[in-house]
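Right, one structure below, let's go through it.
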Protein chains: 2
Amino acid sequence: MVDIQEVKRLRINFKTLEEFENFREYGLQELSMKEDLQGNIIDNDSESPFYGVYYGDKLVGRMSLYKVDAKYDRYFEPPQEYFELWKLEVLEPYKGRGFGKQLVDYAKSLGLPLKTNARQRSDTFWERMGFEPLTYDTDRDRGENPYVWFPQGVKEQKPE
Amino acid sequence: MVDIQEVKRLRINFKTLEEFENFREYGLQELSMKEDLQGNIIDNDSESPFYGVYYGDKLVGRMSLYKVDAKYDRYFEPPQEYFELWKLEVLEPYKGRGFGKQLVDYAKSLGLPLKTNARQRSDTFWERMGFEPLTYDTDRDRGENPYVWFPQGVKEQKPE
């Protein structure tokens, strides 16, 4: 019986980066972290914007949270600091077991509003997670599919 | 024998919007166009940021091009107007027949630099299209995978 573990903030080291290679959304960000580590530009076990869930000792899900300053907030009323949630992904054989929800619940527990881009018809997933679509604004959204989660007392910012 | 046609700028009407429903990247942008059309906020056959290729009378591929003003250019040197290329997608049964390349070639023919976010390990496709990865910049790219196409005389803008 393998224990399901808590969501953890991932530290950048060669083991984590090797595990990242299993994910579809692997790209320049991960390659750049690897180069920085190899070149000693960042230390082993540096903080990263990634959070993950392990099943046994295998990383089976991850997401990235990027904190945006209140002065750039175009989504929430009152304008405030919020998290952009990206690269939420659970490895194929581990889907449907609640790992995605575990990650999203963790993000909510941080207390800030959340904003994501619901891609490839993932709307129903985000709605199950308590997210809502925003009113589409051509200039702001430019093709994105903005879904947000509001903590209590926060609502949608109306486009100017 | 069905003729392969030229790339066309798509006009917003109920037929186009119905065809958009076949694509995976269908979301708030398309729903908002539909509402605007239904509410007579936009006219039938209005211009759209979408370009498409037809096979016979079926829309089998599309992309969106969004022109960005030179003052917001953080990718190219000298800084200039460029296109963000999004939502490039060819319907599954029509893949591997050059429709994607036809769309990208059209985008290049407009003469401005192009920038895209190469998602889900599509790097090799973009490289075949003549695109190059940029040096990852955490603040600018925030998890994106920026690939660009340089017209002659244009190069990468170095991060500040």
Can you run down the residue pairs with Cβ atoms below 6 Å, 6 or more apart or on separate chains, where the first is in region A:94-123 and in contact (Cβ under 8 Å) with a residue 24 or more places away in the chain and the partner is acidic (Asp, Glu)? A:112/A:81; A:115/A:84; A:117/A:144
Of those in region A:121-130 that are more than 12 Å from chain B (Cβ to nearest Cβ) and farther than 24 Å from residue B:36 by Cα, the residue surrounded by the most Cβ atoms within 10 Å (Cβ to Cβ) is A:129
Please go through (1) in contact with a helix residue (DSSP H, G or I) (Cβ under 7 Å, 6 or more places away or on another chain); (2) over 25 Å from residue B:132 (Cα atoms); (3) within 11 Å of another protein chain (Cβ to nearest Cβ); (4) not aliphatic (A, V, I, L, M) for residue A:30 and return the number of the only condition it doesn't satisfy. (2)
Only one of A:72, A:26 is over 17 Å from the mean Cα position of the chain (by Cα), surrounded by fewer than 20 Cβ atoms within 10 Å (Cβ to Cβ) and among the hydroxyl-bearing types (Ser, Thr, Tyr), namely A:72
Failed item in (1) in contact with a helix residue (DSSP H, G or I) (Cβ under 8 Å, 6 or more places away or on another chain); (2) of a type outside the set (A, V, I, L, M, F, W, C); (3) not in a loop (DSSP other than H, G, I, E, B), with residue B:44 passing the rest: (3)
For region B:141-160, enumerate the residues that are within 11 Å of chain A (Cβ to nearest Cβ) and either open to solvent by less than 50 Å² (accessible area, probe 1.4 Å) or more than 27 Å from residue A:42 (Cβ to Cβ) (or both). B:141, B:143, B:145, B:146, B:147
Index of the failed condition, residue A:118 passing every other in (1) more than 13 Å from every other protein chain (Cβ to nearest Cβ); (2) under 20 Å from residue A:24 (Cβ atoms): (1)
Scan of region A:98-115 for residues that are touching a helix residue (DSSP H, G or I) at 6+ places or on another chain (Cβ under 9 Å) and either within 11 Å of another protein chain (Cβ to nearest Cβ) or closer than 27 Å to residue B:66 by Cα (or both), ordered by number: A:114
All positions within region A:30-54 that are over 19 Å from residue B:120 (Cα atoms) and among the hydrophobic types (A, V, I, L, M, F, W, C): A:37, A:41, A:42, A:53
Subset tally (residues that are open to solvent by 30 Å² or more (accessible area, probe 1.4 Å) and either within 19 Å of residue B:140 (Cβ to Cβ) or without any contact (Cβ under 8 Å) to a residue 24 or more places away in the chain (or both)) for region A:43-69: 6
Looking only at residues in region B:111-120 that are open to solvent by 30 Å² or more (accessible area, probe 1.4 Å) and modelled with pLDDT under 95, which one is farthest from residue B:143 (Cα to Cα)? B:111
Answer from B:6, B:18 - the residue that is within 21 Å of residue B:103 (Cα to Cα), open to solvent by 70 Å² or more (accessible area, probe 1.4 Å), part of a helix (DSSP H, G or I) and away from chain A (no Cβ under 13 Å): B:18
Here the residues within region B:96-117 that are touching a strand residue (DSSP E or B) at 6+ places or on another chain (Cβ under 9 Å) and of a type outside the set (A, V, I, L, M) are B:96, B:97, B:98, B:99, B:100, B:102, B:106, B:108, B:113, B:115, B:116, B:117
Condition first: within 14 Å of chain A (Cβ to nearest Cβ) and farther than 25 Å from residue B:158 by Cα. Now tell me which residues in region B:59-90 satisfy that. B:62, B:63, B:64, B:87, B:88, B:89
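The values are calculated or read from the model by the stated rules, or taken from the named source; none is laboratory data. Because the structure is predicted, anything quoted here is derived from the model rather than measured. Methodologically, a virtual Cβ is constructed for each residue, glycine included, from the backbone with ideal geometry; neighbour enumeration extends over all protein chains shown. Areas reflect the complete protein model, heavy atoms only, side chains present, ligands, DNA and RNA absent. Shrake-Rupley method; radii C 1.70, N 1.55, O 1.52, S 1.80 Å.
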